[in-house]
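Working notes, beginning with the structure itself.
Derivation of every value follows stated rules applied to the coordinates shown; laboratory data play no part. All values derive from a computational prediction rather than experimental measurement. Backbone-built Cβ (ideal geometry, glycine too); neighbour counts: all protein chains shown.
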Amino acid sequence: MNVYLDFEQELKKLLQSIDFETKSDVDCSRVTVEPPRDSAHGDLATNAAMVLAKQVGRAPRDLAEELVGHLQQWSQVDTAQVAGPGFINLRLSPAVWTQVVAAIVGQGSDFGRGGVGGGKPVNVEYVSANPTGPLHVGHCRGAVVGDALANLLDFAGFAVTREYYLNDAGAQVDVLAGSAFLRYREALGEDIGEIPEGLYPGEYLVPVGEMLAQTHGDKLLAMEERARLELIREAAVGAMVDLIREDLALIDIHHNVFFSERSLHVDEGEGSRVAQMLASMRERDFVYEGRLPPPKGEVPEDWEDREQTLFRSTAAGDDIDRPLIKSDGSYTYFASDVAYFQSKFERGFERMVYVLGADHGGYAKRLKAVAQAVAGEAAELDVLFCQLVRLFAAGEPVRMSKRAGTFTTLRAVVEEVGKDAVRFMMLYRKPEAPLDFDFAKVTEQSKDNPVFYVQYAHARTCSVFRQAGREMPALEAGDANLAKADLSLLVDAGEMALMRKLAEFPRMIEQAARADEPHRVAFYLAELAAEFHGHWNRGKEMPELRFINDKNAQLTLARLALLRAVSTVLASGLAIIGANAPQEMR
């Protein structure tokens, strides 16, 4: 049940039924129904008169007055008023809001689910860190944003695939193999001294070296370098992927697909996927031989004015055409990017979302050009960028060090504050805004800590049901009885405010899913928790507002139904974020 969508659809039916004496049907595509910015103005607001006035040849306020006359006849509308130049504000009957509670109690965790997706296949690619070591806090935000977005899209009815693009074909993997070989020699008893510049110094490679020594003894020392590098590369990448999976599991992230970049370069008899992409895109005139102008500004010393194989990305909206083959004959990263997108499209995805770090800010336009060139209008591509996370301890910045800094790894952060705090707080800012993460603040038990405040709200709802069982043991408060409760007894202003906020949940889910904005879920939960705690506190001062009234079983049952609705929506939102909905807090 989506109150706003339901009223919008009914309003559009009304508009189509009115004879405006136009030569064709009115276009209602821009008509919206939404909550007014100020709740004092009403429950719903519509721009119908504003967007239709020109079509029907009427002044907006005059048209609004006519529409108000129709709307006031609806049984679900208490009042309808014209505001400003022609907006219409509606105040709804309390029965509309109690129907929302009934719908939540009846549908349970399915309330708000499956509204817009329609089973459309969506690929969400996130994290995709180079497999050269454990994940650090810089990867954490993109991991959480991507996973919460996947949860959100799944909840909204899309068929979601969670994907990790494994960059296992670049020079950094050769560096990893060289670093692992050094640790292998160390495991054999050699004093390797200080790690040379250019290799990875992390202690996390020590177990890889030990594993290689246990498996191969000293045989790798005498092996031909190319064969040895290939063997060590495969072993080291496998170990790093296992380490990355373990790190992600700490925040309950599990990808459906780990897609290997190297697989794009393997010749399976008909050429590699990159080669096949080049051939198919050349046929469509997106690949050609040409020259690029020098970069604007200072020209790098290694820039070459040469004829090369280029991707005509400017024909699809990019700023410049992109090189596909390097001067040494190997493929560029961009060539892999095109072949990778083509793979996604051929696997049947109609929508692709890339979640990238802020350091990839220039990628959006080129990726959208790739999507346009490969798929045209048959696929949609969105790019989300996650800004940096700044760590603080009791208000003081945490010094970051790749070699041995404090709280630099994802694992260290999760072990310090817990999965729920990490996931919730990584979403409590828009991803494009920098995020300050203070270890003290995200663990304090106060209303200033949003994850605690939301989880405490859920725990409080559960505590009331336990209390009802003790104080009114004869009251059957199961969902079957709650569904029969007389919800017309819910007339207090605080109860009405809670019901209105609950009614926003399906609309919020739909809008967040359409916009790829999982942070809206965290914002909404904080607002719902604030409404709930505010109503709870009023009950401390006015006992007649408390959820349990041992003198009035019917009123108690109605209030417990409202409580069940609050609990259900809080739990659904927390599940999308990837945090727990505790039944008690200690």
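Worth a mention:
- Extended-chain gain in nm, criterion 0.36 nm per residue less alpha-carbon gap, Ser463 and Ala530: 22.4 nm
- Loop-resident trypsin sites (Lys or Arg not before Pro) (DSSP state other than H, G, I, E or B) in the stretch 474-581 with no more than 10 further Cβ atoms inside 10 Å of their Cβ: Lys551.
- Cα-only radius of gyration and Dmax that characterise the stretch 166-305, units Å: 20.0, 58
- Considering only Val101, Pro397, Tyr4, the residue lying farthest towards the positive end of the dipole of the chain is Val101, judged by Cα position with unit charges set on Cβ.
- Label point distance in nm, Leu292-Glu194, each placed 7 Å from Cα along Cα→Cβ: 3.7
- In terms of packing, defined here as the mean over residues of other Cβ atoms within 10 angstrom, the peptides 383-393, 207-217 line up highest first as 383-393, 207-217.
- R0 of 30 Å, Cβ-Cβ distance Arg284-Asp319: FRET efficiency to nearest 0.05: 0.90
- Between 0 and 90 degrees, the angle of helix 273-283 with respect to the longest Cα principal axis of the chain falls at about 80 degrees.
- Separation of the Met496 and Asp78 label points, Cα + 7 Å toward Cβ, nm: 0.3
- The stretch between Asn580 and Ala553 holds 6.6 nm of extra length on full extension. This uses 0.36 nm per residue minus the Cα-Cα distance.
- Computed magnitude of the charge dipole of the chain (debye, nearest 20; Cβ of K, R +1, Cβ of D, E -1): 1540
- Here the gap between Glu10 and Arg390, fully extended at 0.36 nm per residue and compared with their Cα-Cα distance, gives a gain of 132.0 nm.
- Global form of the stretch 211-277, assessed from the alpha-carbon gyration tensor, a/c cut-off 1.5: oblate
- Between helix 94-107 and the chain: long-axis angle, C-alpha atoms, 0 to 90°, nearest 10: 50
- Between the helical axis of 137-155 and the longest alpha-carbon principal axis of the chain there is an angle of about 50 degrees.
- Label-point separation in nm, Asp27 to Arg347, each point 7 Å along Cα→Cβ: 3.9
- Net +/- balance of residues flanking Asn256 in space, Cβ distance below 9 Å, scoring K and R +1, D and E -1: 0
- Take the Cβ atoms of Leu250 and His360, set R0 to 25 Å, and the FRET efficiency comes out at 0.55.
- Whether the stretch 171-249 is rounded, prolate or oblate, judged on the alpha carbon gyration tensor where a/c under 1.5 counts as rounded: rounded
- Relative contact order for the chain, counting Cα pairs under 8 Å that sit 6 or more residues apart, in percent: 16
- Entries of Lys365/Lys501; Lys54/Lys365; Lys326/Lys368; Lys419/Lys551; Lys430/Lys501; Lys326/Lys419 with Cα pairs more than 32 Å apart: Lys365/Lys501; Lys54/Lys365; Lys419/Lys551; Lys326/Lys419
- Value at 222 nm in deg cm²/dmol, rounded to 500, when DSSP H runs of n ≥ 4 in the chain each add -39,500 (n - 2.57): -15500 deg cm²/dmol
- Gyration tensor (alpha-carbon) shape descriptor, the chain, a/c threshold 1.5: oblate
- FRET efficiency estimate (nearest 0.05) - Cβ-Cβ, Asn537 to Ala95, R0 41 angstrom: 0.90
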